[in-house]
Amino acid sequence: MTRLISAIEARAPRLDTARAAIHADGGQARVVGVTGAPGSGKSTLIDSITAELRHRGKSVAVVAVDPSSALTGGALLGDRIRMARHTLDPGVLVRSMSSRGAFGGLARATSDVVALLDAVGWEYVLVETVGVGQAEVDIMKLADTVTVVTPPGLGDDIQAIKAGLLEVADIHVVNKADLPDAKRTASDLLFMLKMGDLHGGAWSVPVMMTEALTAQGVSELVDAFGAHQRWLDSSGEGLRRRRKRMADRLNVLVRDRLMERIENPCNMAVFEEMVDRVVGRAISPQAAVDALIDNVRVQV
Ligand SMILES: Nc1nc2c(ncn2[C@@H]2O[C@H](COP(=O)(O)OP(=O)(O)O)[C@@H](O)[C@H]2O)c(=O)[nH]1
Ligand SMILES: [Mg+2]
């Protein structure tokens with residue numbers, strides 16, 4: 001299992017057969033994304049969510065994705081220690097993913113790994129992303145339910161908004177509800193959600209409060225995952241999202257396949273010459289690309 005995940009991360013060749021099997025068996029897992037600023041308590045919360053789901057008899061795979069692992073190796077180590085109480089439980093699997101070794105992009109490698117965990121029967125797949133920005137938003141696209149975690153005490157400066165995460169949330173969580181300002185942060189979030197009316201009123205995005213360390217509010221949060229799932233199923237939004245996801249994926253796969261079929265993408269001598277000519281402003285980069293592509297032979 002672990003070796004297969006590693007192979008997928010490294011985009012090993014000859015995975016297509018495995019992929020077909022994975023696809024045929026997939027589509028059962030509940031994929032829940034947990035995102036938010038570093039330090040907001042995502043990992044602690046996932047640990048508590050895992051305990052709650054285990055209590056409800058569900059198997060749980062956790063995928064901790066770290067786009068900047070070179071800088072935050074310590075954070076992942078902390079996560080390992082935090083999840084330690086689950087290590088002897090065969091109903092829990094924890095896997096960390098970093099950009100290192102994930103050729104072709106972390107979002108794609110993560111989506112392959114989640115598909116595999118789904119196919120082999122994990123009932124819940126929880127995806128944590130560390131860091132903020134586009135990489136995080138891309139990774140969250142593979143979740144059925146996106147949970148955005150915000151810590152209190154940031155005054156007017158709500159991090160979810162800074163990070164562009166307000167819009168992607170299906171569920172907002174103000175974690176560290178034991179700290180002052182938690183209520184204020186929650187009401188600020190609610191206010192902004194009302195202003196934005198981001199989901200067109202069809203799903204009213206809840207703002208929940210949790211204390212991840214003591215698991216306060218975690219059972220309610222897990223209930224909210226269920227409510228969101230029921231809404232996805234009954235509204236047709238779940239199917240719409242799955243379709244959109246598959247369309248994106250097919251696009252990427254078609255592009256991959258075409259790239260693989262291109263022999264000698266560039267004759268190095270011609271390439272170097274083009275670089276010189278562009279640097280010397282003899283030709284434009286676009287003209288160089290035209291010339292280089294004329295050199296490409298496509299296998300048919
Ligand atoms: N006071 C308080 N601290 C918390 C709570 N949840 C997490 N923390 C602490 O916040 C810090 C960051 O937590 P972590 O889960 O690593 O955050 P992540 O970077 O978002 O994964 C740790 O020291 C946790 O113990 C909470 O509910 N209340
Ligand atoms: Mg973490």
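Taking each residue of the stretch 125-145 that is over 18 Å from residue 43 (Cα atoms) and looking for partners that are of a type in the set (S, T, N, Q) with beta-carbon atoms closer than 7 Å, six or more apart or interchain, yields 142/110; 142/111; 144/229. Residues that are assigned to a loop (DSSP other than H, G, I, E, B) and either surrounded by 11 or more Cβ atoms within 10 Å (Cβ to Cβ) or modelled with pLDDT of 95 or more (or both): does the stretch 217-231 have at least one? Yes. Of all residues in the stretch 211-235, none that is farther than 16 Å from residue 54 by Cα and free of Cβ contacts under 8 Å to residues at least 24 places away in the same chain has its Cβ atom under 7 Å from the Cβ atom of a residue that is in a helix (DSSP H, G or I) and not aliphatic (A, V, I, L, M), 6 or more apart or on another chain.
You will find that of 255, 245, 230, the residue that is within 19 Å of the chain's Cα centre (by Cα), away from ligand 1 (no atom under 16 Å from the Cβ) and basic (Lys, Arg) is 245 and no other.
Within the stretch 126-153, the set of residues being farther than 18 Å from residue 109 by Cα and assigned to a strand (DSSP E or B) comprises 145, 146, 147, 148, 149, 150.
Scanning the stretch 26-59 for residues that are touching a residue at least 12 places away in the same chain (Cβ under 8 Å) and in a loop (DSSP other than H, G, I, E, B) gives 26, 27, 28, 29, 37, 38, 39, 40, 41, 56, 58, 59.
Scan the stretch 39-63 for residues that are under 15 Å from the mean Cα position of the chain (by Cα) and within 16 Å of ligand 1 (Cβ to nearest atom) and jot them down. Reasoning before the result, please.
If we filter the stretch 39-63 for residues that are under 15 Å from the mean Cα position of the chain (by Cα), which is where we start, we get 42-43, 46, 61-63.
Residues satisfying the conditions are 42, 43, 46, 62, 63.
Before we move on, is residue 84 modelled with pLDDT under 85, away from ligand 1 (no atom under 11 Å from the Cβ) and closer than 22 Å to residue 211 by Cα? Spelling it out, residue 84 is indeed modelled with pLDDT under 85, away from ligand 1 (no atom under 11 Å from the Cβ) and closer than 22 Å to residue 211 by Cα.
The values are calculated or read from the model by the stated rules, or taken from the named source; none is laboratory data. Please read these numbers as outputs of a predicted model, since none were measured by experiment. Don't worry about glycine lacking a Cβ; one is built from the backbone with ideal geometry, like all the others, and counts go over all protein chains shown.
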